[in-house]
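To start, the structure itself, in structure tokens.
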Amino acid sequence: MELLDAIYSRRAVREFTEDDVEEAQLRALIDAAIQAPSAVNRQPWCFSVVRDRALLARISREAKAHMLRSSPAALISHHFEQLLSDEAFDIFYHAPALIVISSVEDGPWAVPDCALAAQNLMLAARDAMLGSCWIGFAQGWLGTSEGKAALELPAGCVPVAPIIVGHPKVKAMAPVPRKAPEIHWIG
């Protein structure tokens, strides 16, 4: 797949087959992620790969409860409140794998550097005909001491990008309309 094809056809995938993703495929995604640029070439990232379905279910439960407890009411829409209160809702959409990219240092560019690695990982997943989705619902709880313990992360690490990966049920998703960019030409 050409790079622009991957960029234009990548979608947030939330429906997966039951098939597991092979360890070699997950490793290839991480290998692509670490090719991302980073400020002063610090490469401030580490990767936690969760394939244990019981642990994924536990993280989903804990993250939903944490979000409902800790988010100001004004930030949680009625739709999200219903979703997060639903015991049957799995924030990971039953994906077989979760890759969490975490920052191993507290520098001013560590989070953007991890986000760049996440974009590489998601484009590599698209190239491999795998689906991916950044799960914002998981971020708050994963940053707690309990969340870090579940990922076996040292206290100083900061989870930045929880990304689910799996084989999508739908191979080709319709394009998502994009707004025209606001461009300010200077000079």
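Rule-based calculations on the coordinates, nothing more; no lab input. Computed from a predicted model, the values in this text were never measured in an experiment. Positions of Cβ are generated from backbone atoms using ideal geometry, with glycine treated the same way; all protein chains shown enter the neighbour counts.
A Förster distance of 22 Å, applied to the separation of the beta-carbon atoms of Gln119 and Ala54, puts the FRET efficiency at 0.15.
In summary, no aspartates and glutamates lie within cross-link reach of Lys179, defined as a Cα separation below 12 angstrom excluding same-chain residues under 8 places away.
The modelled label-to-label distance between Phe80 and Ser9, using points 7 Å beyond Cα along the C-beta direction, is 3.2 nm. Would the stretch 119-187 count as rounded, prolate or oblate if I go by the C-alpha gyration tensor, calling it rounded below 1.5 in a/c and otherwise prolate when a/b exceeds b/c, oblate otherwise? It comes out oblate by the Cα gyration axes. Between Ala65 and Asp90, the distance separating the two model label sites (each 7 Å from Cα on the Cα→Cβ line) works out to 1.9 nm. Phi angles of the stretch 93-108 translate, via the Karplus equation with coefficients 6.51, -1.76, 1.60 and θ = phi - 60°, into HN-Hα couplings of 6, 6, 5, x, 8, 10, 10, 10, 8, 10, 8, 9, 9, 10, x, x Hz per residue; Gly and Pro are given as x. Using only alpha-carbon positions in the stretch 3-166, the gyration tensor eigenvalues give semi-axes of 24, 20, 15 Å once each is multiplied by 5 and square-rooted (largest first).
Working note: Karplus 6.51/-1.76/1.60 with θ = phi - 60° gives the stretch 164-178 the couplings 7, 9, x, 8, x, 5, 9, 6, 10, 9, 5, x, 9, x, 10 Hz, where Gly and Pro are set to x. In order along the stretch 54-71, phi translates into HN-Hα couplings of 5, 5, 4, 5, 5, 4, 4, 4, 5, 5, 4, 4, 4, 5, 5, 6, 9, 8 Hz, rounded to whole numbers, per the Karplus curve 6.51 cos²θ - 1.76 cosθ + 1.60 with θ = phi - 60° and x for Gly and Pro. Along the axis of the charge dipole computed for the chain (Cβ charges of +1 for Lys and Arg, -1 for Asp and Glu, origin at the Cα centre), the listed residues Gln43, His79, Leu116 are led at the positive end by His79. Ranking of Met122, Met67, Met1 by neighbouring Cβ atoms within 10 Å, starting from the fewest: Met1, Met67, Met122.
Along each principal axis, taking the top coordinate minus the bottom one, the Cα set of the stretch 65-158 gives 34, 33, 25 Å in descending order.
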